[in-house]
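The values are calculated or read from the model by the stated rules, or taken from the named source; none is laboratory data. No experiment lies behind these values; they were computed from the predicted model shown. When we count neighbours, we look across all protein chains shown, and the Cβ atoms used for this are built from the backbone with ideal geometry, even at glycine.
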Amino acid sequence: AGLQFPLIFKAVDTSGSRGIVKAENSSKFAEAYRRVRENTRKDYFIVEEFLEGEEFGAQSFVSQGKIQFILPHGDYVFQGDTGVPIGHWAPYELEQSVIEDAKEQLQKAVIAMGLDNCALNADFILSGGRPYVLEIGGRAGATCLAELVSLYYGYNYYEKIIQAALGLPVDFASQEANPNVGMLLRSEKTGSIRKIVNKNDREDKQIVEIQFDYQAGEQVQAFRVGPHRIGHVVVKADTLEEARAKMEEALGKIEIEVEEEH
């Protein structure tokens, strides 16, 4: 049997959700084909059936051919042309059997792809009680995901990645577990930033980082894909519920005013 609509077209050499297009039916096929070709330098791309279910991400690391850890995380998603991650949280509650299944699928995937001694950024969908691999990249995830791993396990994940790249022995044993949330700052419109106000307390220990990528007077894009981000916020707490509440509070104390282009 052939593939059934809806279909997902995926470029294999892009990031930030560029070159990923959904075709609901045959009348959308030509447009999806055109758009994915515009966003790839390759002469091929992937077409898959669109699975429905519960999406989740996972950060992982493969060393000497073996998956060293798998950290499932929840994703906050912006619905544009396709779902674009705008934030993440950990821990993400899954049955242990599902986590073990996801780890097994990752192990098979890295062998098939020839990946070794690198970070892994994976997207899964839980459909019919089973995790299916949607995408894997041989790198750490963006959108504050390296920070998510660092905070959750209590070590500097960037340092671990560098040690592995240098061929040094790396220990991924968890030192602590900090529930945490990371979120992108975004603009709803394209234009020039008039002002940025941050009323958060610099001494607040639950706020790990607030970063602005732009300053007043600079141009920003209305958010559609990951690279349109204009900053991020990362928070941690003793429980995920507290971390989510702190994120909501922190975002409420940030004001970014953008004057729309006409």
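For the stretch 43-92, filtering for residues that are among the basic types (Lys, Arg) and farther than 23 Å from ALA140 by Cβ leaves 0.
Of the residues that make up the stretch 91-108, is at least one in the same structural domain as PRO169 (by TED's automatic domain parsing), in contact with a Gly (Cβ under 7 Å, 6 or more places away or on another chain) and within 21 Å of ASP13 (Cβ to Cβ)? Among the residues of the stretch 91-108, not one is in the same structural domain as PRO169 (by TED's automatic domain parsing), in contact with a Gly (Cβ under 7 Å, 6 or more places away or on another chain) and within 21 Å of ASP13 (Cβ to Cβ), which makes the answer no.
If the condition is being within 25 Å of PHE5 (Cβ to Cβ) and in a strand (DSSP E or B), then the stretch 34-74 contributes ILE46, VAL47, GLU48, GLU49, GLU54, GLU55, PHE56. From the list ALA112, ALA122, ALA102, the one residue that fits, being part of a helix (DSSP H, G or I), of a type in the set (Gly, Ala, Ser) and in contact with a strand residue (DSSP E or B) (Cβ under 7 Å, 6 or more places away or on another chain), is ALA102.
Residue by residue, here is whether (1) closer than 26 Å to GLY74 by Cβ; (2) at pLDDT 95 or above; (3) in the same structural domain as GLN64 (by TED's automatic domain parsing); (4) loosely packed, with under 14 Cβ neighbours inside 10 Å holds:
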{"residue": "TYR157", "(1), (2), (3), (4)": "yes, yes, yes, no"}
{"residue": "LEU184", "(1), (2), (3), (4)": "yes, yes, no, no"}
{"residue": "ILE196", "(1), (2), (3), (4)": "no, yes, no, no"}
{"residue": "ASP213", "(1), (2), (3), (4)": "yes, yes, no, yes"}
{"residue": "ARG244", "(1), (2), (3), (4)": "yes, yes, no, no"}
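Mind checking whether some residue in the stretch 125-135 is aromatic (Phe, Trp, Tyr) and under 28 Å from ALA243 (Cα atoms)? Looking for residues that are aromatic (Phe, Trp, Tyr) and under 28 Å from ALA243 (Cα atoms), one finds none in the stretch 125-135, hence no.
Every residue, every condition in (1) outside the structural domain of PRO72 (by TED's automatic domain parsing); (2) closer than 22 Å to GLY57 by Cα; (3) under 25 Å from the mean Cα position of the chain (by Cα); (4) free of Cβ contacts under 8 Å to residues at least 60 places away in the same chain, yes or no:
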position	(1), (2), (3), (4)
GLN206	yes, no, yes, yes
ARG224	yes, yes, yes, no
HIS228	yes, yes, yes, yes
GLU248	yes, yes, yes, yes
ILE254	yes, no, yes, no
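In the stretch 159-182, the qualifying residues are those that are in contact with a strand residue (DSSP E or B) (Cβ under 7 Å, 6 or more places away or on another chain) and more than 20 Å from GLU242 (Cβ to Cβ), and the one that is surrounded by the most Cβ atoms within 10 Å (Cβ to Cβ) is ALA164. Set side by side, the residues ILE8, ILE20, ILE70 differ, and just one is of a type in the set (Val, Ile, Thr), buried (at least 17 other Cβ atoms within 10 Å of the Cβ) and at pLDDT 95 or above, which is ILE70. Every listed requirement among (1) closer than 22 Å to HIS232 by Cβ; (2) surrounded by fewer than 19 Cβ atoms within 10 Å (Cβ to Cβ) is met by ASP13 save one, (1).
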